[in-house]
């Protein structure tokens with residue numbers, strides 16, 4: 001589906017990385033490994049067409065990504081390392097706004113079970129700003145489930161999570177792969193998640 | 001249909017955000033009224049003088065207090081990544097800037113519009129001038145919103161000099177002030193002046209998606 | 001003409017041009033000042049204060065010209081992705097600001113004896129003051145962004161938007177009835193200025209242009225070098 005060919009990126013005329021090759025087909029998990037500042041986020045941004053690659057090209061479903069951008073955006077969820085839930089609103093409001101804005105086909109019962117597994121069901125009427133960092137991170141994964149898209153692009157999803165949550169993440173990743181979804185995520189270490197491709201930056 | 005739905009819930013989201021922080025909007029209004037008080041104290045409570053220069057004071061203070069909240073125009077959405085999420089859901093940056101401009105108009109400028117009659121009482125402005133004031137401010141504030149969108153998107157990556165955004169808005173709002181105060185003081189040429197204001201609005205409205213969209217894209221690229 | 005868009009070609013050309021330009025501009029300044037102070041007649045109305053014009057008018061023209069060229073380079077840089085445009089904008093903005101400042105100060109020195117006040121809120125004066133503030137904002141923007149890529153593009157966009165002020169400055173004396181006198185020298189009609197005053201004005205204009213180019217060359221070269229050292 002998604003093919004990255006000989007991608008190189010220069011920022012301020014400094015080469016960040018060169019000749020990255022990557023191909024993602026349904027059911028695959030790709031991990032981007034690298035130290036801080038090795039350009040993991042930059043590569044993810046290039047895949048999302050936010051950055052102009054200096055050399056190389058990216059293809060989506062056989063066409064150049066730029067020509068097929070609308071279809072790509074309809075099939076992708078991106079989670080950055082910031083908390084995107086609105087801090088002034090309660091979890092309930094956040095979920096409602098996401099559900100309507102993404103025109104999600106997830107029903108309320110599914111959301112409730114997801115909330116229960118993430119252990120967030122007691123905080124429904126609490127404002128997001130009062131939650132701890134790990135809990136807001138879990139809320140991000142709830143968005144992942146609600147958007148219900150094919151390709152997940154995750155930037156440092158495993159940082160700041162306890163072991164139970166990492167176990168939960170593994171489960172979620174496997175579920176998604178069995179439903180023909182595919183995942184790219186960046187991390188500086190791999191805590192035993194089954195990956196089909198590993199890219200070292 | 002999808003698009004309309006998304007636009008509606010974009011505004012629902014803005015509404016929720018602004019209502020949860022309604023004290024910010026009210027603080028703007030309070031700033032506006034307190035600066036009117038201070039102006040009157042510094043000039044002296046002479047009725048003739050106040051009603052003579054009242055319109056100019058009103059417009060200046062409206063401009064100043066609406067540039068106060070510019071900092072938050074894109075900053076929150078930019079920092080928590082919502083701008084990117086909205087973009088990935090099929091809105092181009094130019095379109096986001098148009099939506100945001102109208103949101104700023106609705107939630108920041110309209111409260112000022114509603115508080116104008118009270119300010120008119122305080123400043124002894126005659127009732128028959130109220131209509132002209134409303135007409136000029138409803139167009140002028142849309143221009144100010146567009147300018148605010150441009151300047152605050154320019155200053156997203158500017159971590160040091162927060163005031164620069166307000167300065168950019170104020171330097172370009174000089175013609176707006178000239179023509180809209182002119183409307184109120186020269187009622188016989190109302191039609192021609194309001195047409196000039198409309199012209200400025202159309203120009204700014206055309207520039208806004210291009211400039212803000214480009215700046216938003218730049219900031220997200222290099223964040 | 002490639003040296004106008006290519007940094008390394010510009011460097012070669014600059015090494016070649018800089019010294020003759022500097023010498024020529026000093027000579028022209030000497031001749032021009034001699035003419036404007038001793039060899040030109042007093043005006044029958046304005047008396048000796050007319051000599052301020054020989055500094056005022058060239059600096060005003062150059063303030064506008066600098067901004068116009070910056071606008072051109074911003075278009076080149078944004079639309080055709082020529083990075084030399086960004087270098088040019090960063091380097092030249094302070095020069096334009098100084099020209100505008102000279103114009104404003106000499107103008108108000110002239111205004112005190114002639115109009116009886118340092119400053120009038122007249123369309124021409126106000127629009128030139130706004131031009132000066134726009135120059136200042138460009139300089140401050142150049143100083144206050146941390147990321148270079150964002151900074152140069154944002155400044156270019158700002159220069160493009162600010163260029164609406166140029167026609168307002170130019171035509172303000174025609175559009176509004178102002179205290180400031182309308183242009184005496186225009187391309188379309190025969191100039192209504194005496195040749196004895198025309199000569200020093202033209203000499204001074206060329207001297208200003210040459211000194212402007214010389215300083216611009218210096219600043220652009222510094223900018224290119226600072227970028228190179230920043231990269232490595």
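The values are calculated or read from the model by the stated rules, or taken from the named source; none is laboratory data. A quick note: this is a predicted structure, and the numbers were derived from the prediction, not measured. Virtual Cβ from ideal backbone geometry, glycine too; neighbours counted across all protein chains shown.
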message: What's the total number of residues in the range C:165-184 that are more than 11 Å from chain B (Cβ to nearest Cβ) and in a helix (DSSP H, G or I)?
response: 9
- line: Exactly one of B:81, B:90, B:44, B:56 is surrounded by fewer than 18 Cβ atoms within 10 Å (Cβ to Cβ), out of contact with any strand residue (DSSP E or B) (no Cβ under 7 Å at 6 or more places or on another chain) and under 22 Å from residue B:214 (Cβ atoms), and that residue is B:90
query: modelled with pLDDT under 90, under 16 Å from residue C:141 (Cβ atoms), in a helix (DSSP H, G or I) and within 14 Å of chain C (Cβ to nearest Cβ): does that describe residue B:166?
result: yes
- prompt: Could you list, in sequence order, the residues of the range B:18-35 that are in contact with a helix residue (DSSP H, G or I) (Cβ under 6 Å, 6 or more places away or on another chain) and more than 14 Å from chain A (Cβ to nearest Cβ)?
  reply: B:28, B:29, B:31, B:32, B:35
Residues that are in a helix (DSSP H, G or I) and surrounded by fewer than 13 Cβ atoms within 10 Å (Cβ to Cβ), drawn from the range A:113-125: A:113, A:116, A:122
field: In the range B:179-190, the residues that are without any contact (Cβ under 8 Å) to a residue 12 or more places away in the chain and surrounded by fewer than 16 Cβ atoms within 10 Å (Cβ to Cβ)
entry: B:186, B:188, B:189
message: Exactly one of these conditions fails for residue A:141: (1) on the phi < 0 side of the Ramachandran plot; (2) in contact (Cβ under 8 Å) with a residue 24 or more places away in the chain; (3) surrounded by fewer than 19 Cβ atoms within 10 Å (Cβ to Cβ). Give me its number.
response: (3)
- request: Run residue B:15 past the list (1) at pLDDT 90 or above; (2) more than 14 Å from chain A (Cβ to nearest Cβ); (3) surrounded by fewer than 18 Cβ atoms within 10 Å (Cβ to Cβ); (4) over 23 Å from residue B:157 (Cα atoms) and report the number of the one that doesn't hold.
  value: (2)
task: Take residue B:150 and decide whether it is within 12 Å of chain C (Cβ to nearest Cβ) and either assigned to a helix (DSSP H, G or I) or under 21 Å from residue B:106 (Cα atoms) (or both).
output: yes
- request: For the range A:88-106, state whether one or more residues are outside any loop (DSSP other than H, G, I, E, B), away from every other protein chain (no Cβ under 14 Å) and over 21 Å from residue A:151 (Cβ atoms).
  value: no
statement: Those residues of the range A:53-80 which are assigned to a loop (DSSP other than H, G, I, E, B), in contact with a helix residue (DSSP H, G or I) (Cβ under 8 Å, 6 or more places away or on another chain) and within 14 Å of chain B (Cβ to nearest Cβ) amount to A:53, A:65, A:80
statement: Residue hits (the range B:149-161; buried (at least 24 other Cβ atoms within 10 Å of the Cβ) and more than 16 Å from residue B:83 (Cβ to Cβ)) are B:151
query: residue A:128 versus (1) crowded, with 18+ Cβ neighbours inside 10 Å; (2) in contact with a strand residue (DSSP E or B) (Cβ under 8 Å, 6 or more places away or on another chain); (3) under 30 Å from residue A:35 (Cβ atoms): which is the lone unmet condition?
result: (3)
- line: Checking B:123, B:130 in turn, the sole residue that is at pLDDT below 90 and surrounded by fewer than 16 Cβ atoms within 10 Å (Cβ to Cβ) turns out to be B:130
query: Within the range C:50-164, which helices (runs of 4 or more DSSP H) (wholly inside it) include 3 or more residues that are surrounded by fewer than 21 Cβ atoms within 10 Å (Cβ to Cβ) and within 16 Å of the chain's Cα centre (by Cα)?
result: C:53-80, C:84-115, C:123-144
task: Considering each residue of the range C:139-156, count those that are facing chain B (nearest Cβ under 8 Å), over 14 Å from residue C:85 (Cβ atoms) and in contact with a helix residue (DSSP H, G or I) (Cβ under 7 Å, 6 or more places away or on another chain), and give that number.
output: 6
Wholly enclosed strands (runs of 3 or more DSSP E) of the range A:128-201 bearing at least 3 residues under 15 Å from the mean Cα position of the chain (by Cα) and within 22 Å of residue A:82 (Cβ to Cβ): A:151-155, A:182-187
- prompt: Among the residues of the range A:113-122, is there at least one that is without any contact (Cβ under 8 Å) to a residue 60 or more places away in the chain, touching a helix residue (DSSP H, G or I) at 6+ places or on another chain (Cβ under 7 Å) and within 13 Å of chain B (Cβ to nearest Cβ)?
  reply: no
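Quick grid of which residues meet (1) in contact with a helix residue (DSSP H, G or I) (Cβ under 8 Å, 6 or more places away or on another chain); (2) touching a residue at least 40 places away in the same chain (Cβ under 8 Å); (3) more than 14 Å from chain C (Cβ to nearest Cβ):
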| position | (1), (2), (3) |
| --- | --- |
| B:88 | yes, no, yes |
| B:94 | yes, yes, no |
| B:109 | yes, yes, yes |
| B:121 | no, no, yes |
| B:131 | no, no, yes |
| B:143 | yes, yes, no |
| B:156 | yes, yes, no |
| B:162 | yes, yes, no |
field: In the range A:17-58, the residues that are free of Cβ contacts under 8 Å to residues at least 12 places away in the same chain and either under 15 Å from the mean Cα position of the chain (by Cα) or surrounded by 15 or more Cβ atoms within 10 Å (Cβ to Cβ) (or both)
entry: A:45, A:50
